[in-house]
Structures are given as C-alpha cells and as structure tokens.
Amino acid sequence: MPTAGDIIVESLVAQGVDRVFCVPGESYLGLLDALHGRADIDTVVCRHESGAGFMALADARLTGRIGVACVSRGPGASNAAIAVHTAEQDGVPFILLVGQVAARDVRRTAFQEIDYGQMFGAIAKWTAEVTDPDRMAETMLRAIQVATSGQPGPVVIAVPEDVLTAETRLAPAPRQAAVKAAPDPEDLATLRRWLAEARRPLVIAGANFDRPGGREALRDFVDQWEVPAVVSFRNQDLMDNAHRLYAGDMGLANPPAQMALLRETDLLIVLGARLTDITTQGYTFPELVRPGMRLVHIYPDQAVIGTHFAADLAMACGAQSALAALGTPAAAVAEVRDHGWLTRLKTEQQAIATPRRLTVDDGVPFEDVVALIGRHLPENAIVTLDAGTFAAPAYRIIPFRPPQRLLAPISGAMGFGVPAAVAAALREPSRPVICMVGDGGFLMTGSELAVAIERRLPLKVIVSENRIYGSIRIHQERDYPGRVSGTGFANPDFELIGRAFGFSVTRIRSTGELAGLPAILARPGPEFVVVDTSVKAILPKPALAHRAAE
C-alpha cells in the first residue's frame, strides 16, 4: 500500500506539478523517499528555506501551476515564512509542506515543534496538520482547491515524520477541476452600455491576467473598446508598454500630474486586480468610500470586492472570462472617447518612462544601467528583480513587451531576485534570464547560485553595490536628515564570490564602462556583473543639501 508521503507526491503529479523545491530535514525523510527515483517530478535542493520558497513562487508564476516547497519543522518552517507571506501578498498558488515532530509528541512542546495553525493562521489561506495517514488524500485535495481558487494563495500542510511513512488504504487525489464562475448577463449588458457611453473610461489591470491567454485578452479589450489601461503594482509585463493605450502603472507614489489625469476618468474598471493601498495610492484613488466615478470591480474572489470602495458593478469571476463574455462593441466607440485625454495620458506615461540624466561623482547611477538593459532586452527575456530602490527605475523605464516577463516581489520581500532567476532558468532554459539585485538582497539569498552551478544555468546577475540599504536610507534621510544609523554595512569581495560560483565576472566602476554591458549580457554562459552604484543619485534633495552644508 502507498504511504502518506506517496499520496502527497502522486497528488501533486496529478495536478501537473513537475518540480518541488526543498531544503532537506530529518522530519520529512519519508517524503524525500517518496520522491526518490521519480522521472515525473524534479526535486531541486536549495540552500535556504526562504530561497526554496521564493523559487517555488517564481515557478508558479511562470507555469500557472501550484508552487511547492518542502521544509523541516521549526527552524525550516520559520525560514520559509517569508515565502508564505509573499504568496499571500502576491496572490500566488503555493503549498508549503512541513515535516512535523512524531505524532505522539504533537502539542507536547517537543524539540522544534510549532503549532502551524497559529503560526501561519493570519497569512495562509488554510493550514492543516495530518495525524491520520488516511486523511492525506483528502487534505491534498482541499489544499489544491484552496490554493488555486478565488484569490490564489498559500496553504501550509504539516505532517508528522512517522505519519509520512505510514501506509494508507486511500488513493491519491485526482486532478482537481478548476472552480469557474460566469458573469451575470445583466451585469454584462450594463457594462457594455457604460463602456459605450463613457468619455474617459480607464482600466486598472491586475495579476489575474498573468496566465495563458490573459495578456492577449487584455490587449484585445483595450483595442476593441478604446480604453486606456494602467497595470497594478509590479505587473508591467501584462501589456506592451509602447501600446498607445498603455498609461503606466500604479506604483508606490505616482506623480501628481499623472494622478490628476487618471482622476478625470468617468468609468473606472478594475479588471483582475485588488484595490490595495498601493493600487489606490494610499486609498485616495478612487475616493473612499463612494468613488466620484462609476466603479466596476471584476475579480475571481468576492471577498476582496467592496472591502474599501463601493462598486457600482461587481462581478466575482475571472477577468478573462468576463471579457470573453463581454464581446466586442456593437458600434464604433472611438468617436465617443475624449482623444485629447487619451493623448495626455500617453504623453505623461512616456515622460515618466524617460530616463533622467544624472550627474554624480560617487559611482554609476543605477538608472543608467537599467536604461541600457531596457534598450537591449531580448524579446523573450525574463527579468527578475529583488526589492529595493535600485529596482525602481526598472519599473519606470524598461519598455516591457510580451512575451518578455517581469518577476518581482509585489510584497516587497528582499531576497526574491536570485532564487526567482534560478527558478526561471530551470523552467525556461532557452530564454535569457537577467537578475538585478542590490548588495543587501544578494547577501540574503545569493547562495542559491549554487543551484545554478549544479544545473549549469547561464544566468546574468547584476549586483548594485553601494553598501547601504537604499530604500531605508532614503526614508531615514527624509525623516531624520543627517542622522544616519543602522542603514550602512560592509561587503565581502563580490568579484570573488561571483568567481566562486563559476561565473565570469565584470566590475563596472564608471558610466564610461557601461558601453560593454550589452555584449556581456549577450554572451552564452553565466555572467556576474558588479556595479559601483551611486548613493547620491538616489538620496532626496534635502539630504544632499545637508551634506553640502557640512
């Protein structure tokens, strides 16, 4: 008879999962044994549980399937908590499998024991602890359903080490049918009428389009209905940024001139996005709680509709299914639109995307690096970004165009960039993968480059080295000018680190040396580029004035 560990593996395979990421632990050796010798599921051994979790999330975003990470109890699960939080914030289907203490010791404060229901209860969609091997198939069925339905997210399953090896009489969970909801015909008729009447309709497009056919559905909709679109936070790859109806993204702090234009909309359609604090610019766009324009919110999870803003039309269904049912206009709508407004939206977006000319004397403005990469980005490239100020220009000035992909932590979690790049190269070995990461983020999870050595992955890694936690330093200089504390650090020799991981290494010390970067990124093997990055280029003006006075 199969063991509970076998049931886990067979259930994942039935669901189309062909890769799991892990840091081994004695508390789930039974699961590792169930994975032994399998040709249909690849076990990727990582160096830290946060890296394993981030890899699983990146893989899920590229495949549309559930990302899976396996970790040991206590410390292992604690290290993986960042991935659970990121999956919840980013809306990514994720299952974290945790080896638990032996069943006889559960809730006895045994060595490394944690109650995972309490630990993850506020950030996981569901947590389960399986103490009966005959409940394993049922638990996996529910875990798959919960992780993938509505707003996708994380599920945590803890299984005691002796339960994993116990036999069960039940069969594994079969492939789970996706839960689908259809829009109401009357709501569709109302939306069609409003779209036909609106002078200045606007779409906020979100990550629900990040699936097969989603980008094409969004492009066809904006073209057919003559509706400009902004994308939600860090989803720039959903739409061709050069498209005449692409109006930018909802970032951490959009320029006042752009927000003034967006507020002129008379019909705001939120398609596949959540109205979070960032998407709404601190809950100011639209207005709380009764927006000044008609508001339509379409999202597959009704729990996130109407939580802050009163919607005039609410559809709890997938964005793609809603657009497919909506169809094309019955008559030409272009003549109804305010074309002057459309032009101003695009002009403002292009102005925001224009690289700045920065003159500094303390290194290379990383914006210059990003602009150069953007101009030479291969048409099928995957760009992975870590969290940090170094990445801000990438969201603003790289002209993403499908099928190019952007993998960045919507949660703002540092340490995401390198593991995401490794997972992307594993999943898409024929596509160029470029990772940009700050020195702080690299020192958190850069050791996952060991997987790149093992799997012979030709990653291109660009490290921005300025020896500060840049985002935090900016806030510190604004709020406590001239009182720097706790935001600087010392670095090891990154060139030696790159070579130790088997990469060809280049250091860029000045703007004049940037000209060789495109050729470096075009080389076939792994490349590791360290950029001496300017601090002055990112500090707020008051801080620079204070330093000059000193």
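Read-outs throughout are calculated quantities, based only on the coordinates presented, and are distinct from any laboratory measurement. Small disclaimer: the values here were computed from a predicted structure and weren't measured. So basically every Cβ, Gly included, is an ideal-geometry build from the backbone, and we count neighbours across all protein chains shown.
Give the residues of region 13-31 whose amide nitrogen is closer than 19 Å to a point set 7 Å from the Cα of Ala102 in the direction of its Cβ.
Label zone hits: 25-31.
Report, as a whole number in µm² per second, the diffusion coefficient that Stokes-Einstein gives for the chain at 25 °C and 0.890 mPa s using the Kirkwood radius over alpha carbon pairs.
99 µm²/s
Per DSSP H run of n ≥ 4, the term is -39500 (n - 2.57); total these for the chain, divide by its residue number, and report the mean residue ellipticity at 222 nm rounded to 500 deg cm²/dmol.
Calculated mean residue ellipticity at 222 nm is -10000 deg cm²/dmol.
Relative contact order for region 4-164: what percent, with Cα pairs under 8 Å and sequence separation of 6 or more?
Details: 336 pairs, mean separation 42.5, N = 161.
The normalised contact order for region 4-164 reaches 26 percent.
Provide His376, His297, His36 in ascending order of the number of other Cβ atoms located within 10 Å of each residue's Cβ, fewest first.
Exposure proxy ranking, most exposed first: His36, His376, His297.
How high is the relative contact order of region 355-549? Use alpha-carbon pairs under 8 Å, at least six apart in sequence, and give a whole percent.
Taking the mean separation of contacting Cα pairs over the length of region 355-549, I get 25 percent.
Of Ala205, Thr168, Gln151, which is farthest on the positive side of the dipole of region 149-220, counting Cα position, with +1 on Lys and Arg Cβ, -1 on Asp and Glu Cβ, and the Cα centre as origin?
Farthest towards the positive end: Ala205.
Using a 10 Å cut-off around each Cβ, can you sort Leu262, Leu238 from fewest to most neighbouring Cβ atoms?
Leu262, Leu238
How high is the relative contact order of the chain, in percent, with contacts defined as C-alpha pairs under 8 Å that are six or more residues apart?
12 percent
Which length gain, in nm to one decimal place, applies between Ala171 and Arg523 when the Cα-Cα distance is subtracted from 0.36 nm times their residue separation?
Answer, rounded to one decimal: 121.8 nm.
Taking 22 Å as R0, compute the FRET efficiency from the Cβ-Cβ separation of Ala253 and Asp479 and round it to 0.05.
The calculated FRET efficiency here is 0.90.
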